[in-house]
1. Find all pairs meeting these conditions: Cβ atoms under 6 angstrom apart; at least six residues apart or on different chains; first residue within the range 22-50 and over 13 Å from Ile8 (Cα atoms) and polar (S, T, N, Q); second residue open to solvent by 20 Å² or more (accessible area, probe 1.4 Å) and within 9 Å of the ligand (Cβ to nearest atom).
2. How about the range 215-254: which of its residues are within 13 Å of the ligand (Cβ to nearest atom), at pLDDT 90 or above and of a type in the set (Phe, Trp, Tyr)?
3. Pairs under 7 Å by beta carbon, first residue closer than 15 Å to Ile30 by Cβ in the range 115-138, partner of a type in the set (Gly, Ala, Ser) and open to solvent by 50 Å² or more (accessible area, probe 1.4 Å), six or more apart or different chains?
4. Please determine whether any residue of the range 68-79 is touching a strand residue (DSSP E or B) at 6+ places or on another chain (Cβ under 7 Å) and either within 26 Å of Gly161 (Cβ to Cβ) or among the basic types (Lys, Arg) (or both).
5. Looking at Leu33, Leu46, can you tell me which residue is in a strand (DSSP E or B), closer than 27 Å to Ser167 by Cα and open to solvent by 20 Å² or more (accessible area, probe 1.4 Å)?
6. Looking at Arg397, is it over 25 Å from the mean Cα position of the chain (by Cα) and not in a helix (DSSP H, G or I)?
7. Which of the residues that make up the range 247-285 are in contact with a strand residue (DSSP E or B) (Cβ under 9 Å, 6 or more places away or on another chain) and open to solvent by 70 Å² or more (accessible area, probe 1.4 Å)?
8. Answer yes if at least one residue in the range 69-80 is assigned to a loop (DSSP other than H, G, I, E, B), more than 20 Å from Val228 (Cβ to Cβ) and open to solvent by 30 Å² or more (accessible area, probe 1.4 Å), and no otherwise.
Amino acid sequence: MAALRTIIVAGAGIGGLTTSLALAKLGFRIIVLEKAEHLEEAGAGLQLSPNASRVLLDLGLGPRLSRAVTPDSICLMSARNGGEISRLPLDRINSAAGAPYLVIHRADLQTALREEVESRSNIELRLGCQFEDVSPHAKGLTVVQRSGTSRQEELAVALIGADGIWSTVRNHLLPDVQPLFSGLIAWRGTLDTKQLPREYTSRRVQLWMGPHAHLVAYPISAARQINVVAVVPGQWNRPGWSEPGDLNEIKSAFAAAGWHAIPRMLIGAVDGWRKWALFTLPNRGPWTGDGVALLGDAAHAMLPFAAQGAGMAIEDAAVLAKCIAARSDESPAGFSAALQSYGRVRRRRVKMVQRSARQAGRIYHLAGPLALARDLVIKAMGPQRMLARQNWIYDWRP
Ligand SMILES: Cc1cc2nc3c(=O)[nH]c(=O)nc-3n(C[C@H](O)[C@H](O)[C@H](O)COP(=O)(O)OP(=O)(O)OC[C@H]3O[C@@H](n4cnc5c(N)ncnc54)[C@H](O)[C@@H]3O)c2cc1C
């Protein structure tokens, strides 16, 4: 009987921890397997639009998100002349959506989620413990996990693969679906707010668009730091999130492309660049099998240009919990049907967001006359119409 109340979540990233909280709320016993010995400080900023922040608030995370920053606007900036193309105010979005647009350090969000997880008696977080294998049978699933040299088996009714883009759970379900390199590299780093003149540290998201590259900067860590991400084409394509990057390489890429002094000043001020190659997953194969479902980057890793990578994982968690709550019966077959309905519901929306992210990347990186035309169109549309184009993302509810 206990197996029917146990759900195993592989991966304690943003998707896995949110899922464990959403499922624990339904009264299940949750075991979270995380292969890392410690939840890493690695990573930098994440944007959480109202569609995602709403889910976190509903899970009671609000008081733990004190280091998140609520930006007042998104500024679209020209890398050519340093001018502001448009300023999109976020206050109307926040009040219409009933949830805030937040920017937060990934480690702060993961800490908030982990602390909430640790406060729930029905969730057990096993660090240094990696998912290895799963086999379905009449009573549910046997999940094999490894911790150092020891292997352990656990009975469960469902396994949620929230183990990121290089997912082992997906390798069991869809061995042919492998990440594809996009030809783009994201460089990221932070700098102390005190290092910059005041006009560059206000509570706004800056999006600098230039030929074949873009740069995003916003405050994180209770506005004590500025997160800077620069996306450029490149060949280097090793997996991982935290490869040290050479300041001179990123500086010369932006100098050679004739970028304005302000974004170049931001680049020069970052201490300790890291880089990660941007991979995506082809949209093939079902995200679910007998008692197993993929979630977050394991299912649909996407380009980060719609700022929805973490948001989609958080949405997945809410929909998965809703589908499991609505299951027709308590049997393993009832759970498998609930997981399938989760896959169906999520697929369509995620596909639209993936497409939107790809389009955004192409638009940000336009060069020459096309870039001038882009800037003119943005100006002509005005901020309210530009923002209204995002309503379908921000107004989402589980
Ligand atoms: C260290 C790190 C730093 C990141 N930094 C940034 C950033 O700066 N900006 C940004 O936009 N995005 C970043 N991301 C990605 C971002 O967090 C995700 O795109 C998004 O939040 C979706 O999260 P996810 O939970 O699906 O996957 P992830 O956040 O990738 O989490 C997956 C988790 O699964 C664990 N795992 C993997 N294999 C196994 C296994 N076999 N068994 C158990 N556990 C396993 C991983 O250790 C990881 O903790 C980072 C991810 C990681 C892991």
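The values are calculated or read from the model by the stated rules, or taken from the named source; none is laboratory data. On a predicted model such as this, the values are computed, not experimentally measured, just so you know. Glycine also receives a Cβ, built like all others from the backbone with ideal geometry; neighbour counts cover every protein chain displayed. Heads up: the accessible areas ignore ligands, DNA and RNA and are worked out on the full protein's heavy atoms, side chains in. Shrake-Rupley method; radii C 1.70, N 1.55, O 1.52, S 1.80 Å.
1. Within 6 Å, the pairs are Gln47/Ala307.
2. Within the range 215-254, Tyr218 is the sole residue that qualifies.
3. Correct list of pairs: Cys129/Ser147.
4. The answer is no, given that none of the residues of the range 68-79 is touching a strand residue (DSSP E or B) at 6+ places or on another chain (Cβ under 7 Å) and either within 26 Å of Gly161 (Cβ to Cβ) or among the basic types (Lys, Arg) (or both).
5. That would be Leu46, the only listed residue that is in a strand (DSSP E or B), closer than 27 Å to Ser167 by Cα and open to solvent by 20 Å² or more (accessible area, probe 1.4 Å).
6. no
7. Glu249, Asp271, Arg274 - these are the residues of the range 247-285 that are in contact with a strand residue (DSSP E or B) (Cβ under 9 Å, 6 or more places away or on another chain) and open to solvent by 70 Å² or more (accessible area, probe 1.4 Å).
8. no
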